[in-house]
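Notes follow the structure.
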Number of protein chains: 2
Amino acid sequence: MFHGKVRAVGFDADDTLWVNEPFFDQAKAEVAEMMSVHLPSEKFLEVLEKTLSRNIKSFGYGVKNFVISMIDAANQVAPGNVKSSEIERMIDLGRAMLFNPVELIEGVEEVLQTLGSSYELLMITKGDVAEQQRKIDLSGMAEYFDHIEILTEKDGAAYESILRKHSIGHEEFLMVGNSVKSDILPVVTIGGSAVHIPFHTTWVNEVVCDGELCGREYVEISEVSELLPLLIYS
Amino acid sequence: MFHGKVRAVGFDADDTLWVNEPFFDQAKAEVAEMMSVHLPSEKFLEVLEKTLSRNIKSFGYGVKNFVISMIDAANQVAPGNVKSSEIERMIDLGRAMLFNPVELIEGVEEVLQTLGSSYELLMITKGDVAEQQRKIDLSGMAEYFDHIEILTEKDGAAYESILRKHSIGHEEFLMVGNSVKSDILPVVTIGGSAVHIPFHTTWVNEVVCDGELCGREYVEISEVSELLPLLIYS
């Protein structure tokens, strides 16, 4: 389907190459449970999401903002009633996340290996550079990529600048990822192609409303291995 | 003095090119004052330094670790008695630091401009990449440097790897900075030269004991402009 036209394939990393969001979800659930004496869990999670989203503007994506925002949210929900042991636990949860193992999503290595002989491969991720670099190193996947880019924000301008830097035409580029907001929408908007692989859990801040997608076309698959018929055997 | 031998000059950034530590000191003083109902300020500052130093291993250098560590230290010192407004203030202090203006140290621009015509110039800093990049951009100094490196840790291995990358011989390299631990000691240890410009305030975690320096030689000056006679008119 994309064969002949596309010559460079970009891959998102978190929840596309390896598991990420479940670690955050697990920590959120634990803190929500902790706070449930003050507020029902789903209400606390709403406050936490709003807090995370606001704090990203200052503290960026990643575990450090997550720690600050858990404490911040708990402090809003139960002012003066957040226990010392609870704050300690939130810091420890974050610390542990920074030492999590990196679990590749099934099929990833085979797909990268196969595509690598026919396409220029780019890893395009966003977030805290140190955190992303740690995961890249642990994943063992760096060798499959021609270029690795860690961005602050994945918007049209950021993709434009990467394509310019590597002399890739918009129409020659295909982006693969789990986030419609970060991986699909900005790429199709600038004239590239995109394949969406929904991960079973996607962060609420990454969900876009349908309206924004109106008129934009992209392909949706359920597993990374389905890329091969789209890019190799077509 | 270094003329003829040195061909590449590395500059530390925080508190060598621009003011940094005073912003941290100011925030520390405010939080210590806040906590003084529980513990004398100098005692609190000791706890805070230990906490910062321990947390760096997980959360790295920079403002985000600073916010987490302020809360962590307050929580240790006054468990169950840290007010909601105090936690909020600590988060706000960090947020504000991320939007601080960048104030160049006097003489820096002239020195870079002058040295640039005779030497390869490198900026070698450590810390959170996003935070450092923001300061680099705001400083307007990037144009004077041939290479800019943001490291996780400034040790001998890190300097070795930079010199290798840019094909600079150890004896051809001179490092300039305010931290004996990060800018001077590792460089003289691998056979480079170093000029120390003490900043009026140096973070306690960056102070090395004399023993470590035994037998190592470096030059100490009090202002960046004193580099010129050492490197140009000698």
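For the range A:138-149, state whether one or more residues are touching a strand residue (DSSP E or B) at 6+ places or on another chain (Cβ under 6 Å), aliphatic (A, V, I, L, M) and surrounded by 15 or more Cβ atoms within 10 Å (Cβ to Cβ).
For the range A:138-149, residues touching a strand residue (DSSP E or B) at 6+ places or on another chain (Cβ under 6 Å), aliphatic (A, V, I, L, M) and surrounded by 15 or more Cβ atoms within 10 Å (Cβ to Cβ): present.
In the range B:127-146, which residues are away from chain A (no Cβ under 14 Å) and within 21 Å of A:LEU151 (Cβ to Cβ)?
We begin by selecting, within the range B:127-146, every residue away from chain A (no Cβ under 14 Å); these are B:135, B:138-146.
Correct list: B:LYS135, B:LEU138, B:ALA142.
Restricting attention to the range B:90-126, which residues are in a helix (DSSP H, G or I), within 14 Å of another protein chain (Cβ to nearest Cβ) and either without any contact (Cβ under 8 Å) to a residue 24 or more places away in the chain or surrounded by fewer than 19 Cβ atoms within 10 Å (Cβ to Cβ) (or both)? Before the answer, list the steps.
We begin by selecting, within the range B:90-126, every residue in a helix (DSSP H, G or I); these are B:90-97, B:108-116.
Filter once more, keeping what is within 14 Å of another protein chain (Cβ to nearest Cβ): B:90-97.
If the condition is that a residue be in a helix (DSSP H, G or I), within 14 Å of another protein chain (Cβ to nearest Cβ) and either without any contact (Cβ under 8 Å) to a residue 24 or more places away in the chain or surrounded by fewer than 19 Cβ atoms within 10 Å (Cβ to Cβ) (or both), then B:ASP92, B:ARG95, B:ALA96 are the ones that fit.
Consider A:ALA73 against the criteria (1) within 30 Å of A:GLU223 (Cβ to Cβ); (2) not assigned by TED's automatic domain parsing to the domain that holds A:LEU151: it satisfies all of them except one. Which criterion is unmet?
(1)
Go through (1) within 8 Å of chain A (Cβ to nearest Cβ); (2) crowded, with 17+ Cβ neighbours inside 10 Å; (3) closer than 17 Å to A:GLU88 by Cβ one by one and return the number of the condition B:VAL77 breaks.
Against the list (1) within 8 Å of chain A (Cβ to nearest Cβ); (2) crowded, with 17+ Cβ neighbours inside 10 Å; (3) closer than 17 Å to A:GLU88 by Cβ, B:VAL77 comes up short only on (1).
Mind checking whether some residue in the range A:57-77 is touching a Lys or Arg at 6+ places or on another chain (Cβ under 7 Å) and assigned to a loop (DSSP other than H, G, I, E, B)?
Within the range A:57-77 (the criterion being touching a Lys or Arg at 6+ places or on another chain (Cβ under 7 Å) and assigned to a loop (DSSP other than H, G, I, E, B)), the answer is yes, since at least one residue qualifies.
Residue-wise test of (1) touching a helix residue (DSSP H, G or I) at 6+ places or on another chain (Cβ under 7 Å); (2) among the β-branched types (Val, Ile, Thr).
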site	(1), (2)
B:VAL67	yes, yes
B:MET90	yes, no
B:ARG95	yes, no
B:ILE124	yes, yes
B:ASP137	no, no
B:ASP146	no, no
B:ILE162	no, yes
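Looking only at the range B:80-89, filter to residues that are touching a residue at least 12 places away in the same chain (Cβ under 8 Å) and either at the interface with chain A (Cβ under 7 Å from one of its Cβ atoms) or outside any helix (DSSP H, G or I) (or both); which one of those is surrounded by the most Cβ atoms within 10 Å (Cβ to Cβ)?
Among them, the one singled out is B:ILE87.
Mind listing whichever residues of the range A:99-116 are polar (S, T, N, Q) and modelled with pLDDT of 95 or more? Outline the logic, then answer.
Let us first name the residues in the range A:99-116 that are polar (S, T, N, Q), namely A:100, A:113-114.
Listed by number, the residues that qualify are A:GLN113, A:THR114.
Can you work out which of the residues in the range A:127-137 that are without any contact (Cβ under 8 Å) to a residue 40 or more places away in the chain and not hydrophobic (A, V, I, L, M, F, W, C) is surrounded by the fewest Cβ atoms within 10 Å (Cβ to Cβ)?
Top of the filtered list is A:ASP137.
Which of the residues that make up the range B:51-73 are at the interface with chain A (Cβ under 7 Å from one of its Cβ atoms) and surrounded by fewer than 22 Cβ atoms within 10 Å (Cβ to Cβ)?
Matches in the range B:51-73: B:SER58 only.
The values are calculated or read from the model by the stated rules, or taken from the named source; none is laboratory data. Please read all numbers here as calculations on a predicted model, not as lab measurements. Note that each Cβ is placed from the backbone with ideal geometry, even for glycine, and that neighbours are counted across all protein chains shown.
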